[in-house]
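Accompanying notes for the structure given below.
The values are calculated or read from the model by the stated rules, or taken from the named source; none is laboratory data. Computed from a predicted model, the values in this text were never measured in an experiment. Virtual Cβ from ideal backbone geometry, glycine too; neighbours counted across all protein chains shown. Just the protein is used for accessible areas: all its heavy atoms, side chains included, with ligands, DNA and RNA removed. Shrake-Rupley method; radii C 1.70, N 1.55, O 1.52, S 1.80 Å.
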Amino acid sequence: MTLTFEIRKAGFENKGAAMMLIAASQEVKGRYPAARVAVAPDATSPYELRARYGLWHRAELVRRGVDLGKIVQFAPGKLRHRFGFVTESEVDIILDAAGLAYSDQWGAQHTEDLARRAVAWKRAGKRLILLPQALGPFNTDRIRRAINVVADHADLIFARDKYSLENLIGAVGGRASIRLAPDFTNLLAAIPPANPPRGEKLVAIVPNARMVDKTSDDVSGNYTGFLRRAASMFQSAGMTAFFLIHEGAGDRVLAEQVNAQLSEPLQIWMAGDPLEAKGLIGKCGGLVGSRYHALISALSQGVPVIGTGWSHKYRALFEDYGCENMLIDVSASEEGLEARLRPLIDGSQRAALSDELAEPGARIKDGVRQMWKDVFQLLDKAA
């Protein structure tokens, strides 16, 4: 029997989501070489990237509540498969890689949609696994009802950090299906970037539009100024700072706004293949960033970082790597910011920080391997 997997809530525009998609696909194919791994493509999953990573296309096109993709199911199976299509009825296992969708911060609709689907999948005999992701908080009645339905019908749910675990257990109670496991993109092998930024002593600055639209007025109002001050300090120290765009238009707008305030604008490097972005980060002496998976790409390669964040997942990440002091408030004073950046500028301090990241990095990677072991043990028992 050929197993068919669907990986949900992951596309290619957001490079963190793309890394989760690629990582999950690689692990599945490593364990089940004959398996089909599919995604329901949207505007963020262009054909050329799906084809590059050997992803099948799970036909879905929802318009006004109607899934027009179901038309594909009327074509003979051999014809569908010739063109790389699978239908929902052919999917055996759903791997949800949302990252952060099931939370008050994004409203109840995402969790309610998953709950509705989870009921149908369970009835059809499919397996549902929520891969490690940030979860909660779940404070409204609507979202609490929905996450309880999800917990009743999912086979495994992995919370990505202790705060997410507390949020989930607080909403649905303790269950054997609920586990704690780290983000699973750190095992991905980086690819050398084809056209890296020009210059010596590279340091990446990774903006995030969520720091503007998901934060308080104080944070959003100070964010571009924080990025400008960091860029200026790196330039004064003789380093080549550049903007790495890890998602899309909103992040690039922030970079351009900061560049308009600099006497010497920074190069803007748009991430194409996410593994090239990881490769570029690995060549940097440091990174200042607000994109979660850009921070992971740095920390997992021993690249020191200064981070800012808009949800509990950032605090948990820095705690996991034992570098909570490198998570900074965007309204920090000039002296405070300079003190935090100094270890990224000074070579000896930078090397010491890199060495300190090795032990937690290895431990976290072991946690990812254990997570996949748990997943495959469940699936093998069900086979």
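With the cut-off at under 19 Å, measuring from each backbone N in the range 299-326 to a point 7 Å along the Cα-to-Cβ line of Ala351 picks out 301-305.
The mean accessible area for residues of the range 101-142, using a 1.4 Å probe and ignoring ligands and nucleic acids, is 42 Å² per residue.
Using a cut-off of 19 Å between Cα atoms, the listed pairs Lys29/Lys373; Lys9/Lys126; Lys162/Lys381 include Lys162/Lys381 as exceeding that distance. Placing R0 at 25 angstrom, the Cβ-Cβ distance between Ala260 and Arg315 gives a FRET efficiency of 0.20 after rounding to 0.05.
What is the angle, in °, between the Cα long axis of helix 217-236 and the longest principal axis of the Cα atoms in the chain? Nearest 10 is fine, range 0 to 90. Around 60 degrees separate the two axes.
Using R0 = 22 Å, the C-beta based FRET efficiency linking Ala176 and Asp152 works out to 0.95. Taking the helices alone, the chain has a mean residue ellipticity at 222 nm of -14000 deg cm²/dmol, built from -39,500 (n - 2.57) per DSSP H run of at least 4 residues and averaged over all its residues.
The stretch between Asp42 and Lys365, if pulled fully straight at 0.36 nm per residue, gains 113.2 nm over its current Cα-Cα span. Counting only lysines at least 8 places from Lys201 when in the same chain, those with an alpha carbon closer than 16 Å to its own are Lys283. With each label modelled as a point 7 angstrom along the Cα→C-beta vector, the Glu335-Met1 pair spans 6.8 nm.
Ranked by solvent-accessible area (1.4 Å probe, protein heavy atoms only, all chains present), the residues Thr87, Thr240 order from largest to smallest as Thr240, Thr87. Would you mind checking the tilt of helix 15-31 against the longest principal axis of the Cα atoms of the chain, expressed as 0 to 90 degrees and rounded to 10? Computed tilt is about 50 degrees.
Near Phe318, once Lys and Arg are set to +1 and Asp and Glu to -1 for all other residues with Cβ below 11 Å from its Cβ, the sum equals -2.
Available extension along the chain between Ser216 and Arg82 is 43.2 nm, counting 0.36 nm per residue and deducting the alpha carbon span. Highest mean packing comes first when the peptides 133-143, 300-310, 329-339 are listed by Cβ atoms within 10 Å, giving 300-310, 133-143, 329-339. Going by Cα centres, the range 237-278 and the range 321-383 are how many Å apart? Centre-to-centre (Cα) distance: 22 Å. Atom-type composition of the exposed protein surface of the chain places 50 percent of the accessible area on carbon and sulfur (1.4 angstrom probe).
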